[in-house]
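Since the structure comes first, as structure tokens, the remarks are kept for the end.
The values are calculated or read from the model by the stated rules, or taken from the named source; none is laboratory data. Just so it is clear, the structure is predicted and the values come from calculations on it, not from any experiment. We place every Cβ from the backbone using ideal geometry, glycine too, and count neighbours over all the protein chains shown. Protein only, heavy atoms only, side chains kept; ligands, DNA and RNA dropped before computing areas. Shrake-Rupley method; radii C 1.70, N 1.55, O 1.52, S 1.80 Å.
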Amino acid sequence: MLFKRTRELIENPKGVDVHRAAMSAALLGQTEVLTADGWLPKAVATYVEAVATASELTDDTMTGVLTQKWYEAHRIGSSLFTKMLISGFHRGSATATDRLGMLYQVLGLQRDDTNFVQMTHLGDWAKRDMTPNLYYLQLENETDLQDYWDFVNRVAFLMRLKYRAWNGIRSRYATSKQLTATFDNQLRYYLGKPVSDFVRHMNWTRAQYEAKVLLFTGKEVLHPGVALHNRGVADQSNVKVVTPDYHVELIFDRDDQIVSLWDALEEQQIEMADGSLRFVQDPAAYSLTELQQIANTESANYAGRGGEIHEALDVKPAARTAGLEADLRNYAKNQF
């Protein structure tokens, strides 16, 4: 179902006259694909608005605008993707649960027989022209990085609302129920991937990354306890670097290299017939060094700081006994 204004924008995109019929048909086709992916009508309306009212839209540029906006809507954590995610959202636990459910449908989250959550709509950005309807964890520049931090912040807020509990009708302080869903827990690992990939691609040292955070946010990074990310590290030299809002964390080793499970998993990724990616979960496929990366990996945090809510949403769900981790990661933890 499309809203009246959405239909009007599709029929009369601003700046297009000669090729209006072709533009309208193409935009309508895009809305059908987005709807089939699981986007709610408000999200689809946000996409149409971004395309049909783009300042650069003309008869000559319409193909380029359609393509550019389409990929922005499929690059997870872009400014447009985030606007689509939160469009029309009204604060509340039930609505937050529903909105996260939409996100999971769009991303194609599925739990395999090893309890690993595969993102079945995840594609390879380098091959996006061949798989334009997949979704991508990709940051192209520093603006994208800042937009992505905002996206993770919004997802973390939805998760806190989902598990929110109040410790008394007169209390001003929210507490949290413990996170209990496998999708919710393992999404934290996917949320960390684009930032670790980008920092590695830019060849930034820890000091350089910390300087960028200060430049962009006006606040210093945090260095919380890092024992759980130093499994098997003799001198316990891995360092956790967390953005000021506490949501995006990276782990650096003593040589300023990123420690991440994605280094290992990407070496064993499989491309399916539709171009989407899967990650091998057989422990025998990984060396001891790779298993150490998997055990000590970064992950996003849903809590805004350490303490009770952090324990409930980020720490206890990742325990081996919680049943929410992939078998491979639990196996990796047991090696150290």
Leaving out same-chain residues fewer than 8 places away, which lysines sit with a Cα under 21 Å from that of LYS162?
LYS42, LYS83, LYS177, LYS316
Estimate the FRET efficiency between ASP17 and GLN208 by the formula 1/(1 + (r/R0)^6), using the beta-carbon distance for r and 41 Å for R0, to the nearest 0.05.
0.25
P(r) of the stretch 1-152 over all Cα-Cα pairs, 5 Å bins starting at 0, rounded to whole percent, reads 2, 9, 17, 20, 21, 16, 9, 4, 2, 1, 0
For the stretch 150-249, what class follows from the C-alpha gyration tensor (a ≥ b ≥ c being the square roots of its eigenvalues): rounded when a/c is under 1.5, otherwise prolate if a/b is larger than b/c, else oblate?
prolate
Just the number please: accessible area per residue for the stretch 264-336, 1.4 Å probe, all protein chains included, in Å².
44 Å²
Measuring from centroid to centroid over Cα atoms, what is the spacing of the stretch 230-250 and the stretch 1-57 in Å?
43 Å
Counting only DSSP beta bridges with both residues in the chain, what percent are antiparallel, rounded to the nearest 5?
90 percent
In the chain the accessible area split gives carbon plus sulfur, as whole percent at 1.4 Å, a share of 50 percent
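Can you give the relative contact order of the chain as a percent, counting alpha carbon pairs under 8 Å and 6+ residues apart?
Once divided by the residue count of the chain, the mean separation gives 16 percent.
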Accessible surface, the stretch 97-219, averaged per residue in Å² (probe 1.4 Å)
47 Å²
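Give me the extension gain from ASP235 to ASP59: residue separation times 0.36 nm, minus the current Cα-Cα distance, reported in nm with one decimal.
Details: separation 176, 0.36 × 176 = 63.36 nm, distance 6.22 nm.
Full-extension gain reported as 57.1 nm.
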Hydrodynamic radius by Kirkwood, which averages 1/r over all alpha carbon pairs of the chain, in angstrom
21.2 Å
Specify the residue with the greatest mean-square fluctuation among ASP253, ASP235, ASP147, computed from a Gaussian network of the chain linking alpha-carbon atoms under 10 Å apart.
ASP235
Hey, could you pull the Cα Rg and Dmax for the stretch 73-157, both in Å?
13.7, 39
Output ³J(HN,Hα) for the stretch 132-138: one whole-Hz value per residue in order, computed from phi by the Karplus curve 6.51 cos²θ - 1.76 cosθ + 1.60 with θ = phi - 60°, and x for Gly and Pro.
x, 9, 8, 10, 9, 9, 8
